[in-house]
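Laboratory data are not the source of any read-out in this text; all were calculated from the coordinates shown. Only a predicted model underlies this, so the values are computations on that prediction, with no experimental measurement involved. Every residue, glycine as well, gets a Cβ built from its backbone with ideal geometry; the counts of neighbours run over all protein chains shown.
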Amino acid sequence: MKNVISGFSKLTKEQKIDWLCDYYSNNPEESKSLLNRYNNSDPDVQKIHDEFIENTLSNYYMPFAIAPNFLIDQKVYAIPMAIEESSVVAAAAKAAKFWLNRGGFKTEVVQTEKVGQIHLIYSDNPLTLKDFFESHRHELLDSAAEITKNMQARGGGILDMKLVDKTAQLEGYFQIHMCFETLDAMGANFINSCLEQIAKTFETLAEQQACFERHKPKIVMSILSNYVPNCLVRAKVSCPVEELKENDINGQEFAENFLTALQIAHAEPYRAVTHNKGIMNGIDAVVIATGNDFRAVEAGVHAYAAKNGSYQSLTHAKIEKGNFHFWIELPLALGTVGGLTKLHPLVRLAMGILGNPNAKELMKITAVAGLAQNFAAVKSLVTTGIQKGHMKMHLLNILNGFGATTEEKNQLIAHFKNETVSNAAVQKALEELRK
Ligand code: MEV
């Protein structure tokens with residue numbers, strides 16, 4: 001197997017690219033030139049990118065855009081979004097404009113608690129373990145003092161630590177469940193360091209206990225949880241139902257249809273997944289633009305959507321006393337310090353555009369992006385249908401795919417103003433134009 005290699009990470013970047021292109025590319029020269037082209041022209045900036053991960057060959061890029069006019073708690077934001085999907089930013093900007101004239105978005109951070117767990121197995125009397133844990137609680141916590149010192153000085157740190165008996169779920173399974181306040185840091189490294197230190201102390205102390213002579217508790221692993229139901233943010237919009245009237249849309253009818261669409265997304269998981277996917281279009285775009293961990297956010301958000309035992313909408317709506325109310329509630333563990341925030345130039349820029357928010361403010365802005373996205377999607381779905389707006393935005397991708405010139409693009413954009421866009425229709429129109 002010639003294409004198996006050891007010591008790959010030790011090669012220089014050029015050697016890695018050569019090796020890759022020789023074994024895995026049909027056109028090595030073109031692949032090399034592509035990988036080289038997307039390396040940053042500033043070697044210092046590129047070096048930082050190279051050191052984010054192992055085996056960096058180039059940079060993977062995505063569009064970086066702005067959705068302006070977001071009135072959030074009386075402050076206007078232009079929200080940076082990194083996303084490849086055609087209509088997402090346009091939809092966000094449209095929703096922002098819609099709510100700008102109707103009071104804007106109101107937000108609230110409900111809680112900011114993060115979680116980490118030390119998972120262990122103990123197959124003897126649970127009371128022995130509980131006694132040991134309680135009598136050594138202070139030593140366990142004190143052993144992490146060096147790690148928590150700075151966080152604590154800023155008002156964060158370990159909030160709670162308890163031993164949980166999970167033997168009903170799994171034989172011998174216990175956990176030390178810990179809650180943390182990590183302030184403006186997402187907190188993964190802080191939490192994992194605390195957990196590992198406490199687990200180590202636990203093992204050392206347990207080693208010396210006569211009560212564990214027969215059976216020793218065995219630490220299996222120590223890791224934060226990305227399920228953060230107590231790191232919660234809410235964002236909402238509301239207005240009199242008649243103010244939902246727009247062009248030929250009747251406010252009352254729109255509000256009722258919107259509500260029914262939301263009820264369906266609460267009742268039907270197939271719809272709820274797509275409904276929430278639309279929300280994540282907005283959330284992920286902001287999370288990525290601000291250098292946060294979108295996998296952690298995704299995992300935590302979807303678990304939250306299933307907290308009632310079936311997967312449901314993250315947004316809610318009601319009509320009350322002639323007013324339409326629409327809101328989102330979701331867990332978001334975000335950071336505005338640490339991670340890539342200072343290292344990635346576009347993340348720095350994005351944070352600057354947002355006025356260098358703290359973590360709570362970023363939670364609010366991100367939740368609003370999700371709510372706006374969902375409003376735009378459901379509004380389209382219950383009125384014009386989604387394809388009209390989406391395909392209008394996608395038209396340029398189709399034209400670029402057919403290699404259309406600027407002149408051809410301009411003519412066909414005009415042509416499709418009142419025509420339905422589809423791949424076949426664009427191909428046909430382009431062929432006609434070229435005749
Ligand atoms: C597409 O990326 C997102 C939507 O499907 C969301 C939804 O159906 O609500 C339009």
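The string of couplings for the range 94-100 from the Karplus curve (6.51, -1.76, 1.60, θ = phi - 60°) is 5, 5, 4, 5, 4, 7, 4 Hz, one whole number per residue in order, with x for Gly and Pro.
For the range 60-197, the relative contact order is 23 percent, taking Cα pairs closer than 8 Å that sit 6 or more residues apart in sequence and dividing their mean separation by the residue count.
Put the Cα centre of the range 347-396 next to the Cα centre of the range 240-261 and the gap is 21 Å.
With an 8 Å cut-off on Cα pairs and a minimum separation of 6 or more residues, tell me the relative contact order of the chain in percent. Kindly include the intermediate steps, with their values, before the conclusion.
On the way: 687 pairs, mean separation 75.3, N = 435.
Here the relative contact order equals 17 percent.
Principal axis extents of the Cα atoms in the chain, from largest to smallest and rounded to whole angstrom, are 90, 69, 39. Remark: Met1, Met221 ranked as Met1, Met221, counting other beta-carbon atoms within 10 Å and listing the fewest first. Our coupling estimate for the range 255-272, obtained by passing each phi through the Karplus curve with A = 6.51, B = -1.76, C = 1.60 and θ = phi - 60°, is 4, 5, 5, 4, 4, 5, 4, 5, 4, 5, 6, 8, 8, 10, x, 4, 6, 4 Hz, Gly and Pro reported as x.
Working from the pairwise distances between different alpha carbons, so that the mean of 1/r is found and then inverted, what is the range 163-206's Kirkwood radius in Å?
Result for the range 163-206, one decimal place: 12.1 Å.
Cβ crowding within 10 Å ranks Cys231, Cys211 as Cys211, Cys231, fewest other Cβ atoms first.
A simple spin-label model places the labels of Phe52 and Lys97 3.2 nm from each other, with each point 7 Å out along Cα-to-Cβ. For Lys342, a cut-off of 20 angstrom between C-alpha atoms picks up these lysines, skipping any fewer than 8 places away in its own chain: Lys47, Lys360.
Extension gain for the segment Arg137 to Asn150, taken as residue separation times 0.36 nm less the Cα-Cα distance, is 2.6 nm to one decimal. In terms of Cα to Cα distance under 27 Å, which lysines are near enough to Lys409, apart from those fewer than 8 places away along the same chain? Correct list for Lys409: Lys94, Lys388, Lys392, Lys417, Lys428, Lys435.
Where in the range 88-132 does the amide nitrogen come within less than 20 Å of the point 7 Å from the Cα of Asn308, taken along Cα to Cβ? Inside the label zone: 110. Going from the residue with the fewest nearby Cβ atoms within 10 Å to the one with the most, Glu432, Glu408 rank Glu432, Glu408.
Amide H contacts of Glu113: Cys231, Leu232, each under 5 Å away and 5 or more positions distant or on a separate chain (H built 1.01 Å from N in the peptide plane; Pro and chain starts excluded). In order along the range 300-315, phi translates into HN-Hα couplings of x, 5, 5, 4, 5, 5, 9, 5, 8, x, 9, 6, 9, 4, 8, 10 Hz, rounded to whole numbers, per the Karplus curve 6.51 cos²θ - 1.76 cosθ + 1.60 with θ = phi - 60° and x for Gly and Pro. Summing charges over neighbours of Gly338, with a neighbour being any other residue whose Cβ is under 12 Å away from its Cβ, gives -1 when K and R count +1 and D and E count -1.
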